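Report on one structure; see the data block that follows.
The values are calculated or read from the model by the stated rules, or taken from the named source; none is laboratory data. Just so we're clear, the structure is a prediction, and the values are computed from it rather than from any experiment. Reconstructed Cβ throughout: ideal geometry from the backbone, glycine too, with neighbour counts over all protein chains shown. We work out accessible area using only protein heavy atoms, side chains counted, and drop any ligands, DNA or RNA first. Shrake-Rupley method; radii C 1.70, N 1.55, O 1.52, S 1.80 Å.
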Amino acid sequence: MSLILSSTHRALLTSAATIAFIALSGPQGLAQNRPNNPLPPVTVQAPDQASRPVARSKPRPASTGSRAVRAARSGAVSPQIPAAAGPPQAAGAAGSLTVPTTEQARQDIQRTPGAVALVPDTEFKNTPANTIKDALGWVPGVLIQQRWGPDARISIRGSGLSRAYGNRGINPLMDGMPISTADGLFDLFEIDPTAYRYIEVYKGANALRYGANSLGGAINFVMPTGRNSPEFEARVDGGSFGYLKSATSVGGFAGPFDWYMTMSAQREDGYREHSKTDAERLNANFGYQFSPDAETRFYLNAGRWRSEIPGEVTKDAALTTPRAANPVWVQQDQQRNIDSVRVANKTTLRFEETTVYFGAFVLERHVMHPIYQWLDFHVHDYGGFARATDDRLIGGFRNRLVTGVNIQNGTIDINQYWNVGAATKGPLAASYLWKSQNLSAYGENSFFFLPNVALVAGAQFLHAVRDQQDRYLANGDQSGRRAYNPFSPKIGLLWDVDPTWQVYGNISRSAEVPTYDVTTFASPASTDINAQTATTYEIGTRGRRPDLTWDVSLYRADIRNELQCLTSPSTPGACTIRNADRTVHQGVEAGLGVAFLKSTFAQEDRVWFNVAYTYSDFRFDGDRTWGNNQLPAVPAHWVRAEVMYKHANGFYAGPNVEWMPQAFFADNANTLTVDPYALLNFKLGYDRGTGWSGYIEGRNLLDKRYISTTIAVETATAASALFNPGMGRAVYAGLRTRW
């Protein structure tokens with residue numbers, strides 16, 4: 001009964017929010033100054049499944065002082081890879097200075113001399129939109145391994161690849177501001193793929209434009225504004241294992257004001273026993289234009305997540321009884337329950353050739369997390385940023401300088417109790433106050449010594465403090481404090497070969513300081529954990545032509561003091577942070593899209609072949625214990641490929657595969673492997689870009705039993721409970737309407 005009441009309450013809440021949105025805005029208010037002029041589709045690795053008209057504000061005349069107009073007059077704009085079709089958008093046509101349009105963001109990100117990607121919402125809206133894999137699963141080099149339900153491990157170039165829980169090594173951003181805790185850990189539950197206009201992926205040190213400097217880089221989730229969103233949108237998705245999701249959004253503007261709000265609710269019984277989840281999320285932003293060159297925007301993000309945890313099992317159990325949970329996890333009723341609220345502001349000011357961005361944020365999060373201990377902690381994070389971009393001619397040469405400073409501080413007030421069974425708090429086991437301070441200053445300069453070739457040089461300095469105060473002294477004092485001060489330079493070249501393709505190369509340094517984990521400061525000596533540093537060498541090319549897209553990057557990272565999170569059999573679910581000595585991460589990230597069989601059944605239809613391939617060669621480098629063994633928890637080869645028929649009327653259909661052709665190891669000793677597998681999927685749908693659209697998608701149609709992810713240990717045995725089984729055969733379908 002309580003479950004029924006809870007579900008009914010959420011359904012009523014979602015319906016009430018929808019009615020309130022419509023009532024507050026009104027069709028007349030939403031429609032004012034909203035010409036329904038469609039924009040041409042834009043693509044990343046492959047063309048969008050369907051075009052989507054974007055409502056735009058009334059174009060304002062560009063001021064003679066705007067940078068775009070002056071650059072055009074001076075001929076200082078470097079060639080950029082264009083959209084698939086259609087004329088360039090007029091300056092300020094989308095009306096927002098703080099949030100670039102998809103095409104503006106694409107042109108900006110392509111100024112980076114390294115591996116980057118921009119994924120528009122048309123790539124992931126016609127999916128169940130349940131997990132981050134639905135949004136980023138086709139980006140080469142982004143490895144997403146599902147644990148259960150919406151929880152997954154995400155890794156770029158081997159970042160945080162040994163994490164047993166949470167994620168590290170990537171800077172997750174929402175509209176350019178961090179959503180990780182101040183120590184660097186982040187969960188994925190706050191990410192709602194239905195809430196974003198596009199997602200930017202910066203691999204490695206290519207994220208310097210935001211001051212990010214980790215091995216994996218940064219991922220920036222960008223919401224629409226009221227000036228470039230549909231007036232109203234609603235969707236419902238459902239599928240196997242009790243999956244149900246509904247979402248509504250509304251956007252509009254009146255004079256200098258604009259607003260965008262979206263709310264979603266989802267639940268899932270789960271493929272495995274004891275893996276039920278439900279979540280509600282609210283995302284909103286409100287903008288105000290003081291003038292054509294000044295705008296401020298406020299953000300509100302709130303979420304509630306309740307989830308059971310099925311736990312890792314042995315390899316044999318994962319493959320023979322994949323739907324069963326670990327019985328110890330069930331007996332302890334292990335869960336992860338999170339309430340989170342984030343408020344932020346971002347302001348943009350334009351002064352002739354210089355644009356200044358600044359803002360601030362505050363994050364409050366309460367985590368109720370019964371595992372083998374009952375973790376109860378509150379997170380309070382706050383920070384701000386200031387960034388300036390100057391784009392001008394110097395001595396007749398174009399020069400673009402980006403400088404900035406970031407502050408992110410926070411505390412985690414945590415109490416740990418023994419879990420005496422059925423998620424019941426027992427005696428106090430530990431109590432800490434974790435404090436994190438992060439201050440970074442960075443700069444990056446692009447000098448075009450030829451009209452189409454830029455020398456790009458930059459650097460970042462980071463001052464970070466990790467301070468643990470032990471408030472439970474019955475087992476000794478585990479207090480500790482450590483300050484880190486890494487300096488990370490970067491240099492690269494960017495060559496616009498022609499307006500449709502680029503070649504680049506760079507050498508960069510990156511640095512990551514330890515996150516807080518249960519045993520980070522288990523003894524005074526453990527404060528000797530060092531920052532992980534890496535020197536990465538990278539070359540690559542990307543291009544977009546009407547019937548061909550490509551994105552290829554080759555890299556090698558020489559790493560010192562790699563932070564490994566190794567699980568102990570005596571404390572399953574927890575891990576100990578240790579520094580490896582020397583390791584090497586090298587690989588290939590390749591995406592390709594080719595159109596063929598054009599106009600086979602109709603005037604403008606075509607068939608696309610798309611493939612995303614990631615090669616990862618990660619290993620120890622002459623380690624005293626492990627020699628040149630492979631690092632655990634990541635496959636050497638990962639392939640996603642599809643053949644997709646697309647008709648101009650919005651219909652699309654085709655099969656796709658996920659293939660891991662080679663086994664990988666679960667431990668440093670390289671004794672226990674995860675077996676190869678291949679999954680067959682199929683999807684079809686209809687999307688004209690407005691009005692009604694729908695899809696149906698089948699995953700793992702052959703019901704293959706496989707292991708999706710593993711936690712890492714030093715030496716594993718057949719009895720080691722390290723594995724999460726992959727999901728079995730599933731079918732999803734959804735309907736969406738926009739106006």
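List of remarks:
- Within the range 549-560, restricting attention to residues that are within 22 Å of the chain's Cα centre (by Cα) and among the aliphatic types (A, V, I, L, M), the residue that is nearest to Ala580 (Cα to Cα) is Ala557.
- Elements of type strands (runs of 3 or more DSSP E) in the range 573-649, at least 1 residues being touching a Gly at 6+ places or on another chain (Cβ under 6 Å): 582-596, 606-620, 637-646
- In the range 606-635, of all residues being over 28 Å from the mean Cα position of the chain (by Cα) and open to solvent by less than 30 Å² (accessible area, probe 1.4 Å), the one that is nearest to Asp675 (Cα to Cα) corresponds to Gly627.
- All conditions in (1) part of a strand (DSSP E or B); (2) open to solvent by 20 Å² or more (accessible area, probe 1.4 Å); (3) modelled with pLDDT under 95 hold for Ile154, with the sole exception of (2).
- Selection within the range 698-739 - open to solvent by less than 20 Å² (accessible area, probe 1.4 Å), in contact (Cβ under 8 Å) with a residue 40 or more places away in the chain and farther than 30 Å from Gly160 by Cα: Tyr732, Gly734, Arg736, Arg738
- Residue list for the range 109-131, filter: under 14 Å from the mean Cα position of the chain (by Cα), β-branched (Val, Ile, Thr) and open to solvent by less than 10 Å² (accessible area, probe 1.4 Å): Val116, Val119
- Evaluating Asp269 against the criteria (1) over 16 Å from Pro128 (Cα atoms); (2) surrounded by fewer than 18 Cβ atoms within 10 Å (Cβ to Cβ); (3) charged (D, E, K, R) leaves one unmet condition, (1).
- Conditions (1) charged (D, E, K, R); (2) at pLDDT 95 or above; (3) open to solvent by less than 30 Å² (accessible area, probe 1.4 Å); (4) under 30 Å from Arg705 (Cα atoms); number of the one not met by Arg323: (3)
- Residue within the range 561-570 that is under 28 Å from the mean Cα position of the chain (by Cα), assigned to a strand (DSSP E or B) and modelled with pLDDT of 95 or more present: no
- Residue in the range 243-255 that is over 23 Å from the mean Cα position of the chain (by Cα) and assigned to a loop (DSSP other than H, G, I, E, B) present: yes
- Residues located in the range 165-174, provided they are over 10 Å from the mean Cα position of the chain (by Cα) and surrounded by 23 or more Cβ atoms within 10 Å (Cβ to Cβ): Asn167, Arg168, Gly169
- Among the residues of the range 636-646, those identified as of a type outside the set (Asp, Glu), open to solvent by less than 40 Å² (accessible area, probe 1.4 Å) and more than 20 Å from the chain's Cα centre (by Cα) are Ala636, Ala641, Met644, Lys646.
Residue by residue, here is whether (1) within 25 Å of Val356 (Cβ to Cβ); (2) open to solvent by 10 Å² or more (accessible area, probe 1.4 Å); (3) outside any loop (DSSP other than H, G, I, E, B) holds:
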residue	(1), (2), (3)
Arg209	yes, yes, yes
Phe221	yes, no, yes
Gly226	yes, no, no
Ser229	no, no, no
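Residues checked against (1) of a type in the set (Gly, Ala, Ser); (2) out of contact with any Leu (no Cβ under 9 Å at 6 or more places or on another chain):
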| site | (1), (2) |
| --- | --- |
| Asp183 | no, yes |
| Leu188 | no, yes |
| Glu200 | no, no |
| Lys203 | no, yes |
| Arg209 | no, yes |
| Gly217 | yes, yes |
| Thr225 | no, yes |
| Glu231 | no, no |
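- In the range 332-354, of all residues being open to solvent by less than 10 Å² (accessible area, probe 1.4 Å) and of a type in the set (Ser, Thr, Tyr), the one that is farthest from the chain's Cα centre (by Cα) corresponds to Thr348.
- Condition check for Phe448: over 29 Å from the mean Cα position of the chain (by Cα) and assigned to a strand (DSSP E or B): yes
- Residue in the range 468-479 that is exposed (fewer than 15 other Cβ atoms within 10 Å of the Cβ) and of a type in the set (Gly, Ala, Ser) present: yes
- Enumeration of residues in the range 371-422 that are touching a residue at least 24 places away in the same chain (Cβ under 8 Å) and not in a strand (DSSP E or B): Ile371, Tyr372, Gly421, Ala422
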